Amino acid sequence: MSDLLEVNGVTKRFGGLTAVKNASFTLKKGDFTGILGPNGAGKTTLFNILTGFMPPTAGSIHFNGELVRDLAPYQVVNRGMARTFQLTRPFIGMNLLENVLVACMSPRASQDKDKEARARHLLAQVGLGGRDKEPVETLPYGDLRRLEIARALATRPDLLLLDEPFAGLGSSEIEQLAQLIRRLHREENLTILLIEHKLREFMALVSRVIAMNFGEIIAVGPPDEIVKNEKVIEAYIGKTEDSYASA
Amino acid sequence: MRQLSLIDIAGGLVVIAILALAPVLISSNYLTGVLTVCVIYGIWAASWDFMSGLTGRENFGHSLFIGTGAYTAGFLSSIWTANPWYSLPLGVVVAVAFSILVGFPTLRLRGPYFALAMLSTSAILQRLCLIFWEYTGGEEGIYGLDPLMKTPLYYYWFALGILAVTVIVLTLLARSHWGLLLRAIRGDEATCQAAGINVTFYKIVSLMISAGFAGLGGALYAHYQLQVSPPLFSVVVSITVIIMVYVGGIGSIYGAAVAAILLTLLTEMLRGFGEYRLWIYTLTLMMILFFLPNGLIAPLWRRMTERLR
Amino acid sequence: MLQILIYGAVSSAIYAMLAVGFTLIFGVARILNLAHGSFYALGAYSAYVLTSVLNVPLLIAAPLAVLIVAGFGVLMERYLVRPLRASQLAVLMITLAVSLAVEQALFITFGSEYRNVPSFVADKLTIGGVDIGGQRLLALVMGVLVLLLLWLFIQRTRLGAAILAVSQDPEAAQYMGIPTNRIFSIVMAISAGTAALAGILVSPFLTVQPTMGLLPMVKAFAIVIVGGLGSIPGSIIASLILGYSETIVAYLISTSWTELVSLVAVVVTLMIRPAGIRAAF
């Protein structure tokens, strides 16, 4: 089976700073992969490049065999690659239903005749059913993340990119959201790429980890191997050891 | 979607009935003339509100579309002596062409490029009318357009009908899924992109719609005045329209139309103040900016009818 | 040829003085000041009132007029713009309202007839067989001097560094203890002052009347779009491009066609290099 996503030598420089350095990896259909790395490792920059929000300085991105590196974000979405944002960005002044409806009007969703029914169905699917008319302004963080996922699902993606979906959530909320993501992966036949900077959330969820540090991919493998990888350990707890040693 | 409630429809019918009957009850050519101008300003304000009010991309040169619509009518009817009924559709076409010319390069960009480009283009076009006076008649403009109707009263009813159609079409569009997208663009363009929406396309098409109605209003105005002149392109016309929308309550369409009618009437009443008129206007604008940031007409209507919904 | 060289330089200098202030206040405070042309007009009228009505000697009147307009700009920013800063539309509306109010106030006070401001230098100079009004040369020299001083101020002083910091990242600057509000006031004073100076310098050889601010402001927009919003070097280069192409067009075709130059420049820039020539740096 051919690769769904093929990232080859992607590099991003901001002036003198290299945020992403020669990143290459592939995703197969049905993969559940996580990108791991401490803050500032270049994970979100990589996401922005993949989804067309930022042009890479060098490198290529193929999605379903098609070069997507020079496409606008909405075009990437319409090829079947949808994303959520780390800082959720709902449409202020609209209710939950309207927020999802916007995405139901994208070209990939055009097969849905009754867009409102579809939006309602999506809200129910992410656990926000029956709350159509609620304004987004008062929504707690966990629900905003669900709303983001519903909006991404509306575009009927093959690949879903989730940018730190668990950030700022309590442990019970994390567990519920993880269950939702797992279910989507299983039932909707979605390929999922997820960013996280905490090791713990990963272990139970993903089947493969891409570890990044200082903009570079330092290791790829299943979670139980990654936690034993020396480079990963160094990136995560190396500093702590140093400080112990000097103390 | 936000459906039109019965009370909104009833309110609209009452306003249209009052406007239609006013010149019959008070038979005065002066009043009919003033009301015609009121109604045309209503078309301009509603058309501004559709694009800029919904998407939040401020058009500071609506007079560009008004002026091109009016001058198209001027050239056609007076210089090329075409059938005056060609003015309206061709006024729309030319205004839409200009909207593509300015909108396409600027609406792709972030930042205030669109506002600046619209303002500059309208101001430059006003200058060009003066510079190429051999063709445009310079300061005097173009005279001797043919009237569309036999009597001013018929023409007023015709213009009122067009205003009604404009408001109905734009309101339905604004409350449709299309309008929802435009409001989403106002909210967050990045999120729209993430939702797979071609933001630039929607902005350009809504500018074209906005320009079309503005050009239609411009051509109507030309056939009311039976003359066109460079001030139609002026920044003052654009800002007057924006003030009207602001007073009406941005994004409501009907509020803009009602505010346009009321403010034009008010301007007529202030005629006695002569050169202080624009001052009063400007001060009103400042007061509204500071004390009524959501406008007056639409919020008032919503509060009045809240219990009836 | 020499004539084109000198006249082009004069109009470039005037445009640059206008555009730099306009782009500076946008770059630093994100204020798109549609009242920028009013500063230019107010500068000319202040000079007129001080010299012709109050009989103040010109050399005192000119700096005094600059100060008056700078003060006006600061007050406008503080009491009209700052409370509305949260909304971009409100800022555009209020600055446009100010420009209309100024134009009307000038119209009501002075009427629409042209006013005269005495020249600083009445003599004509002959350079290489070309007669150039001394006032135009003065405008050129002053323009270059002001831009040079502004550049030194921003590059070499602590205050200049603070201004740069705010323009790059207002939030970070605030964390570092830079009083952003005071920086806005200072930049507004500089912006209004340079525009006023431009107005004073041209007033002896151009017409002084209430609507005189509109066209230069439109030119400033064009320059800023061509140069890239917020970029000072970009706007200076764009001023040179616009100033010279207008002079060349006026010389080769006719003065009527000069207005088209800025329109074409804006359209071409937006089509091929939307970020302006700043992107070339």
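Quick notes
- Residues of the range C:77-110 classified as at the interface with another protein chain (Cβ under 8 Å from one of its Cβ atoms) and among the hydroxyl-bearing types (Ser, Thr, Tyr), total: 1
- Search result, residues across the range A:95-109 that are at the interface with chain B (Cβ under 7 Å from one of its Cβ atoms) and not basic (Lys, Arg): A:98, A:101, A:102, A:103, A:105, A:106, A:107
- Residue match in the range B:174-194 (condition: hydroxyl-bearing (Ser, Thr, Tyr) and either in contact with a Leu (Cβ under 8 Å, 6 or more places away or on another chain) or at pLDDT 95 or above (or both)): no
- Within the range B:127-171, the residues that satisfy the criterion of being in contact with a Ser or Thr (Cβ under 6 Å, 6 or more places away or on another chain) and not charged (D, E, K, R) are B:129, B:131, B:141, B:142, B:144, B:145, B:152, B:153, B:156, B:159.
- Selection from the range C:80-120 of residues that are assigned to a loop (DSSP other than H, G, I, E, B), under 25 Å from residue B:59 (Cβ atoms) and of a type in the set (Ser, Thr, Tyr): C:87
- Residue match in the range C:252-264 (condition: buried (at least 21 other Cβ atoms within 10 Å of the Cβ), in contact with a Phe, Trp or Tyr (Cβ under 8 Å, 6 or more places away or on another chain) and within 24 Å of residue C:25 (Cβ to Cβ)): no
- Selection of the range A:76-119 for residues being farther than 21 Å from residue A:142 by Cβ, in contact (Cβ under 8 Å) with a residue 60 or more places away in the chain and assigned to a loop (DSSP other than H, G, I, E, B) yields only A:80.
- Selection of the range A:121-160 for residues being touching a Cys at 6+ places or on another chain (Cβ under 7 Å) and on the phi > 0 side of the Ramachandran plot yields an empty set.
- Residues within the range B:98-120 that are within 9 Å of chain C (Cβ to nearest Cβ), under 17 Å from the mean Cα position of the chain (by Cα) and surrounded by 24 or more Cβ atoms within 10 Å (Cβ to Cβ), tallied: 1
- Residue within the range C:139-162 that is outside any helix (DSSP H, G or I) and free of Cβ contacts under 8 Å to residues at least 40 places away in the same chain present: yes
- Residue check for residue B:50: more than 10 Å from every other protein chain (Cβ to nearest Cβ) and under 25 Å from residue B:181 (Cα atoms): yes
- Single residue of the range C:24-40 satisfying the filter (within 14 Å of another protein chain (Cβ to nearest Cβ) and touching a Gly at 6+ places or on another chain (Cβ under 6 Å)) that is surrounded by the most Cβ atoms within 10 Å (Cβ to Cβ): C:38
- Of the residues making up the range B:274-309, those that are within 21 Å of the chain's Cα centre (by Cα) and not in a helix (DSSP H, G or I) number 4.
- Filtering the range C:221-248 to residues that are within 12 Å of chain B (Cβ to nearest Cβ) and assigned to a helix (DSSP H, G or I) leaves C:221, C:222, C:223, C:224, C:225, C:226.
- Screening residue B:278 against (1) in contact with a Cys (Cβ under 9 Å, 6 or more places away or on another chain); (2) of a type in the set (A, V, I, L, M); (3) within 14 Å of another protein chain (Cβ to nearest Cβ) leaves a single unmet condition, (1).
- The set of residues from the range B:227-241 being modelled with pLDDT under 90 and more than 12 Å from every other protein chain (Cβ to nearest Cβ) is empty.
- Extreme residue, nearest to residue A:187 (Cα to Cα), among residues of the range A:29-86 that are polar (S, T, N, Q) and either in contact with a Gly (Cβ under 7 Å, 6 or more places away or on another chain) or more than 14 Å from chain B (Cβ to nearest Cβ) (or both): A:33
- Hits in the range A:1-51 - residues which are in a loop (DSSP other than H, G, I, E, B), farther than 16 Å from residue A:194 by Cα and of a type in the set (Lys, Arg): none
- Enumerated helices (runs of 4 or more DSSP H) restricted to the range A:120-237, each holding at least 2 residues that are small (Gly, Ala, Ser) and closer than 22 Å to residue A:100 by Cβ: A:141-154
- The set of residues in the range B:41-75 being hydrophobic (A, V, I, L, M, F, W, C) and surrounded by fewer than 24 Cβ atoms within 10 Å (Cβ to Cβ) consists of B:75 alone.
- Members of the range B:148-172 that are within 17 Å of residue B:12 (Cα to Cα), at pLDDT below 95 and in contact with a Gly (Cβ under 7 Å, 6 or more places away or on another chain): none
- Scan of the range A:183-202 for residues that are surrounded by 14 or more Cβ atoms within 10 Å (Cβ to Cβ) and either of a type in the set (A, V, I, L, M) or touching a residue at least 60 places away in the same chain (Cβ under 8 Å) (or both), ordered by number: A:184, A:185, A:190, A:191, A:192, A:193, A:194, A:195, A:196, A:197, A:199, A:202
- Tallying residues that are in a loop (DSSP other than H, G, I, E, B), touching a residue at least 24 places away in the same chain (Cβ under 8 Å) and either within 14 Å of chain C (Cβ to nearest Cβ) or surrounded by 23 or more Cβ atoms within 10 Å (Cβ to Cβ) (or both) within the range B:126-149 yields 1.
- Taken together, A:17, A:4 contain a single residue that is loosely packed, with under 15 Cβ neighbours inside 10 Å and among the aliphatic types (A, V, I, L, M), which is A:17.
- Checking residue C:108 against (1) surrounded by 13 or more Cβ atoms within 10 Å (Cβ to Cβ); (2) in contact with a strand residue (DSSP E or B) (Cβ under 7 Å, 6 or more places away or on another chain); (3) free of Cβ contacts under 8 Å to residues at least 24 places away in the same chain; (4) not basic (Lys, Arg), the condition it does not meet: (2)
- Among all positions in the range C:69-76, there is no residue which is farther than 30 Å from residue B:293 by Cβ, crowded, with 19+ Cβ neighbours inside 10 Å and either out of contact with any Lys or Arg (no Cβ under 8 Å at 6 or more places or on another chain) or within 11 Å of chain B (Cβ to nearest Cβ) (or both).
- Search result, residues across the range B:245-273 that are buried (at least 24 other Cβ atoms within 10 Å of the Cβ), within 12 Å of chain C (Cβ to nearest Cβ) and not β-branched (Val, Ile, Thr): B:246, B:251
- All of B:123, B:95 fail the test of being in a helix (DSSP H, G or I) and at the interface with chain C (Cβ under 10 Å from one of its Cβ atoms), apart from B:123.
The values are calculated or read from the model by the stated rules, or taken from the named source; none is laboratory data. The structure displayed is predicted, hence computed values, not measured ones. Don't worry about glycine lacking a Cβ; one is built from the backbone with ideal geometry, like all the others, and counts go over all protein chains shown.
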